[in-house]
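**Q** First, the structure itself, so that you have it in front of you.
The values are calculated or read from the model by the stated rules, or taken from the named source; none is laboratory data. No experiment lies behind these values; they were computed from the predicted model shown. As a convention, Cβ positions derive from the backbone with ideal geometry for all residues, glycine included, and neighbour counts pool all protein chains shown.
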Amino acid sequence: MRNNTTIDITHTDIMLFVNRAIDGMLRIIEELGDDLANQRPDLPNANSPYGILNHCVGVVNHWVGNAVAGRGIPRDRVSEFTATGTFEQIKAEITQCRDRLAADLLVLDGLAPLSAPPPASYEPKDGPAQWTQGAALIHAYEELAQHFGQMELTRDILLAQRR
């Protein structure tokens, strides 16, 4: 009898959708060029496209590399958003991030508890009683998809402000 409480998702499935979000954000950075990609729109608390993508690298490293694979990666979330750099720099970071993610997926056990606890502020009040590795992976993708949309909007605002 089939157990309908879990869903089998392949590494290929995960990487397909993760790569769609990451590739979309990389295209935006390349399209904007280094100067505009490092600017923040004239909105309260807005982040630059570069900072958003740099944060996404931090998200994957933290939630998959640290929480799932237990690699003990230090994180400075605030500086993720304030980072600046070139398209080539973030492209190299993304290449490393993808390679680490692919390796980390090999140790992922979707129903197992996390290798490292999430920050207390991430304890879901309406979610699972205990984070699983699968939940951490879904959360990492959730962040990537959310920030891809945010970056599309940020790009449009920056281009409109430039005109």
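**Q** From the list GLU80, GLU31, pick out the single residue that is of a type in the set (Asp, Glu) and over 23 Å from TYR122 (Cα atoms).
**A** Answer to the selection: GLU31.
**Q** Any idea which of ARG27, ARG77 is within 30 Å of GLN161 (Cα to Cα) and touching a His at 6+ places or on another chain (Cβ under 8 Å)?
**A** Working: ARG27 fails: touching a His at 6+ places or on another chain (Cβ under 8 Å).
The conditions single out ARG77.
Conditions (1) under 24 Å from ILE9 (Cα atoms); (2) touching a Gly at 6+ places or on another chain (Cβ under 9 Å), marked per residue:
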position	(1), (2)
GLY85	no, no
GLU93	no, yes
ARG100	yes, yes
PRO119	no, no
ILE138	yes, no
ALA145	yes, no
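**Q** What is the one condition in (1) crowded, with 20+ Cβ neighbours inside 10 Å; (2) under 25 Å from ALA136 (Cβ atoms) that ARG100 does not satisfy?
**A** The number of the failed condition is (1).
**Q** From the residues in segment 58-85 that are touching a Phe, Trp or Tyr at 6+ places or on another chain (Cβ under 8 Å) and hydrophobic (A, V, I, L, M, F, W, C), which one is modelled with the lowest pLDDT?
**A** ALA67
**Q** Search segment 24-53 for residues being surrounded by 12 or more Cβ atoms within 10 Å (Cβ to Cβ) and acidic (Asp, Glu), and hand back the single one that is nearest to the chain's Cα centre (by Cα).
**A** The residue in question is GLU30.
**Q** Shifting gears a bit: When you check ARG75 against the structure, is it surrounded by 13 or more Cβ atoms within 10 Å (Cβ to Cβ), under 23 Å from ASN47 (Cα atoms), out of contact with any strand residue (DSSP E or B) (no Cβ under 6 Å at 6 or more places or on another chain) and among the basic types (Lys, Arg), yes or no?
**A** Criteria met by ARG75.
**Q** Ok, one more. Do we find a residue being outside any helix (DSSP H, G or I) and on the phi > 0 side of the Ramachandran plot anywhere in segment 24-42?
**A** Applying the first criterion (outside any helix (DSSP H, G or I)) to segment 24-42 yields 38-42.
Still in the list and also on the phi > 0 side of the Ramachandran plot: none.
No, that holds for no residue.
**Q** Okay, moving on. Residue under question is HIS55, and the condition is that it be at pLDDT below 95, part of a helix (DSSP H, G or I) and of a type outside the set (D, E, K, R); does it hold? Working first, answer last.
**A** Working: at pLDDT below 95: no; part of a helix (DSSP H, G or I): yes; of a type outside the set (D, E, K, R): yes.
Against the criterion (at pLDDT below 95, part of a helix (DSSP H, G or I) and of a type outside the set (D, E, K, R)), HIS55 does not qualify.
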